[in-house]
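The values are calculated or read from the model by the stated rules, or taken from the named source; none is laboratory data. Just so you know, these numbers come straight off a predicted model, no measurement behind them. Please note: Cβ atoms are built from the backbone with ideal geometry, for glycine as well, and neighbour counts cover all protein chains shown. Areas reflect the complete protein model, heavy atoms only, side chains present, ligands, DNA and RNA absent. Shrake-Rupley method; radii C 1.70, N 1.55, O 1.52, S 1.80 Å.
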Amino acid sequence: QGQLVESGGGLVQPGGSLRLSCVASRIIFSIYTVGWYRQAPGKQRELVATISSGRSTNYADSVKGRFTITRDNAKNTVSLQMNNLKPEDTAVYYCNADHEWQNHNVWGQGTQVTVSS
């Protein structure tokens, strides 16, 4: 039930930019809080940014001022614009959709982001 497909990961030099996108299917996208999480090798998965149905946003302190999350309900898409990337941003980035009043949560399969010179 529900599917999320991420795209846009890759290798970028420090200071560079990437844009991640996640397309949802088989869910009523507009009633989910959607967002991005990441997991670096040997570390726990952590929140990067989320955006609610009302477009309230929440960012990890480590990415504030560098990353911007947006959503397009007409295209069932959530995007993450990542600027001024740092080596510590290297991780697998996962898209997530969380129903705002029912217990239903969906994860994507992840996309690798590597920041290295």
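Of everything in the stretch 1-24 that is closer than 14 Å to ASP98 by Cα and outside any strand (DSSP E or B), the residue that is modelled with the lowest pLDDT is GLN1. Within the stretch 46-75, the set of residues being over 10 Å from VAL34 (Cα atoms), in a loop (DSSP other than H, G, I, E, B) and open to solvent by less than 50 Å² (accessible area, probe 1.4 Å) comprises ALA60, ARG66. In the stretch 28-49, of all residues being free of Cβ contacts under 8 Å to residues at least 40 places away in the same chain and among the small types (Gly, Ala, Ser), the one that is farthest from VAL106 (Cα to Cα) corresponds to GLY42. If you go through the stretch 83-98 and keep only what is open to solvent by 20 Å² or more (accessible area, probe 1.4 Å) and of a type outside the set (Ser, Thr, Tyr), you end up with ASN83, ASN84, LYS86, PRO87, GLU88, VAL92, ASP98. For the stretch 83-117, residues that are within 15 Å of TYR32 (Cβ to Cβ) and assigned to a loop (DSSP other than H, G, I, E, B) total 6.
Every residue, every condition in (1) within 20 Å of GLN1 (Cα to Cα); (2) in contact (Cβ under 8 Å) with a residue 12 or more places away in the chain; (3) of a type in the set (A, V, I, L, M, F, W, C); (4) in contact with a strand residue (DSSP E or B) (Cβ under 9 Å, 6 or more places away or on another chain), yes or no:
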position	(1), (2), (3), (4)
ARG26	yes, yes, no, yes
ILE51	no, yes, yes, yes
VAL63	no, yes, yes, yes
ASN73	yes, yes, no, no
VAL92	no, yes, yes, yes
ASN105	yes, no, no, yes
GLN109	yes, yes, no, yes
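When LEU80 is tested against (1) within 13 Å of CYS22 (Cβ to Cβ); (2) outside any strand (DSSP E or B); (3) open to solvent by less than 20 Å² (accessible area, probe 1.4 Å), only condition (2) is not met. Going through (1) out of contact with any His (no Cβ under 9 Å at 6 or more places or on another chain); (2) outside any strand (DSSP E or B) one by one, ILE27 falls short only on (1).
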